[in-house]
Amino acid sequence: MEEDIVKRLEALSEKEILGYAIASEEDAKAFYLKLAEGKGELIENFFKDLAKAEEAHRLLLLNLYKKLFGDESYPVPQGIPFLESTVNAVTLGAMVEAMRTALMNEKVAERVYKLLAKRLPEHKALFDFLATQERAHYKAIEVHKEYLEGLMRGRPDYADIPAHVIFNQVEIYYKPRVL
């Protein structure tokens, strides 16, 4: 799917690719905020930090779009999906699937920024920075996914445990309690 998305974007104008990137960052922010809900403070903060970064990316891109094209009404190409909005992460197994989806999207975002760096070389520094940020998001999500997969390895019943139970257990043991 990643390859298909990138190929379809390559055929578009810079204006449309930039519009896709802006909308994709908005979608990613919403997805990460959804993943943060009700799973404990530590993982909530992790996903909220990702959401803040995606919002910062969106604003940078929107400012560039306005500078290049004179307005903020960017086109969003039809028929090229955003990956995040398709997953509901209630159980541990669903959380791992959501993280796999997020990994694919981070990889697509990195490739989109590399494509934009080639198409708009006068803004290469910005797109290289954004690509680096997306690669960092990928690595951070990947280690969290590997942690959860390790918990489930050899325990198929763990896939059906509510995700908040696992995350809250860490906090119960290690977070100071206020009485």
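The values are calculated or read from the model by the stated rules, or taken from the named source; none is laboratory data. What you see is a predicted model; the values in this text were computed from it and never measured. No Cβ is skipped: glycine too gets one built from the backbone with ideal geometry, and neighbour counts run over all protein chains shown. These area figures cover heavy atoms from the full protein model, side chains too; ligands, DNA and RNA do not enter into them. Shrake-Rupley method; radii C 1.70, N 1.55, O 1.52, S 1.80 Å.
Taking the options GLY70, GLY79, name whichever one is free of Cβ contacts under 8 Å to residues at least 24 places away in the same chain and out of contact with any helix residue (DSSP H, G or I) (no Cβ under 6 Å at 6 or more places or on another chain). Only one candidate passes the filter, namely GLY70.
Residues that are charged (D, E, K, R) and at pLDDT below 85 do occur in the stretch 81-92.
Among the residues of the stretch 123-179 satisfying the criterion of being touching an Asp or Glu at 6+ places or on another chain (Cβ under 8 Å), at pLDDT 95 or above and of a type in the set (D, E, K, R), which is most open to solvent (accessible area, probe 1.4 Å)? Across the stretch 123-179, the extreme among qualifying residues is ARG135. Candidates TYR147, TYR74: the one that is of a type outside the set (Gly, Ala, Ser) and in contact with a Leu (Cβ under 9 Å, 6 or more places away or on another chain) is TYR74. Residue-level check: of (1) among the charged types (D, E, K, R); (2) surrounded by fewer than 17 Cβ atoms within 10 Å (Cβ to Cβ); (3) at pLDDT 90 or above, GLU54 misses just (2).
If the condition is being surrounded by fewer than 22 Cβ atoms within 10 Å (Cβ to Cβ) and touching a Ser or Thr at 6+ places or on another chain (Cβ under 8 Å), then the stretch 12-51 contributes ASP27, ALA30. Scanning the stretch 10-25 for residues that are within 21 Å of the chain's Cα centre (by Cα) and either among the polar types (S, T, N, Q) or more than 16 Å from LYS114 (Cβ to Cβ) (or both) yields GLU16, GLY19, ILE22, ALA23, SER24.
Is it the case that some residue within the stretch 68-77 is within 16 Å of the chain's Cα centre (by Cα) and open to solvent by 70 Å² or more (accessible area, probe 1.4 Å)?
no
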